[in-house]
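Worksheet for the structure shown next.
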Amino acid sequence: MQSLGSFLSDALGAMFRGDRRYQLWITALSALVLVGCWQYVDQLRFGLVTTGMSDQVSWGFYIANFAFLVGVAASAVLLIIPAYVFNRKDAEEVVLLGEAMAVAAVVSAILFVIVDLGRPDRLWHMLPLLGRFNFPASMLAWDVVVLG
């Protein structure tokens, strides 16, 4: 059995294996991720005012990406359902890719909801039976129920 440390070491080694253009691309993407993390830390420190969203743009970037990713997850599910219904073994690779894409899209959509809350430490308010869920009236509560 492989330990977690050796698995991560092998995964990082495989991730950086490639020609010079590939390594530059991975470095640029890593820098972009670091800038995004820095900006999110800035948002946690100073609040949602750092996003520049106002009353006129009440949903903004986060909710637009949330809606897009829910659509991606729904389309991935629609891609894999016929393969299960008609028991098609020849579509197994597409089914695995569709399932992975659906799970990644749902996780990303949930993360956009958490970021849009502004205060992730208050996430427990959204959990049923723990906080004030406000279920039938709140669209955010519907999102939590459906994505959960």
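Summary of computed values
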{"read-out": "Viscosity 1.567 mPa s, temperature 4 °C, Stokes-Einstein D of the range 1-107 from Kirkwood C-alpha radius, µm²/s", "value": "72 µm²/s"}
{"read-out": "Cα-projected label distance for Glu99 with Ala11, points at 7 Å along beta-carbon direction, nm", "value": "1.9 nm"}
{"read-out": "Between the range 93-109 and the range 6-76, the Cα center-to-center distance that results, in Å", "value": "17 Å"}
{"read-out": "Residue-count net charge about Val70 - beta-carbon cut-off 14 Å; Lys, Arg +1, Asp, Glu -1", "value": "-2"}
{"read-out": "Rg in Å to one decimal, and Dmax rounded to a whole Å, for the range 57-119 via C-alpha atoms", "value": "14.5, 47"}
{"read-out": "Mean Cβ count within 10 Å, highest first, over the residues of peptides 41-51, 18-28, 65-75", "value": "65-75, 41-51, 18-28"}
{"read-out": "Per residue value of the accessible surface for the range 1-125 (all protein chains in place, 1.4 Å probe), Å²", "value": "75 Å²"}
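The values are calculated or read from the model by the stated rules, or taken from the named source; none is laboratory data. Given the structure is predicted, the values throughout are model-derived calculations rather than measurements. Heads up, the Cβs are rebuilt from the backbone with ideal geometry, glycines too, and the neighbour counts pull from every protein chain shown. These accessible areas exclude ligands, DNA and RNA; they are computed on the full protein's heavy atoms, side chains included. Shrake-Rupley method; radii C 1.70, N 1.55, O 1.52, S 1.80 Å.
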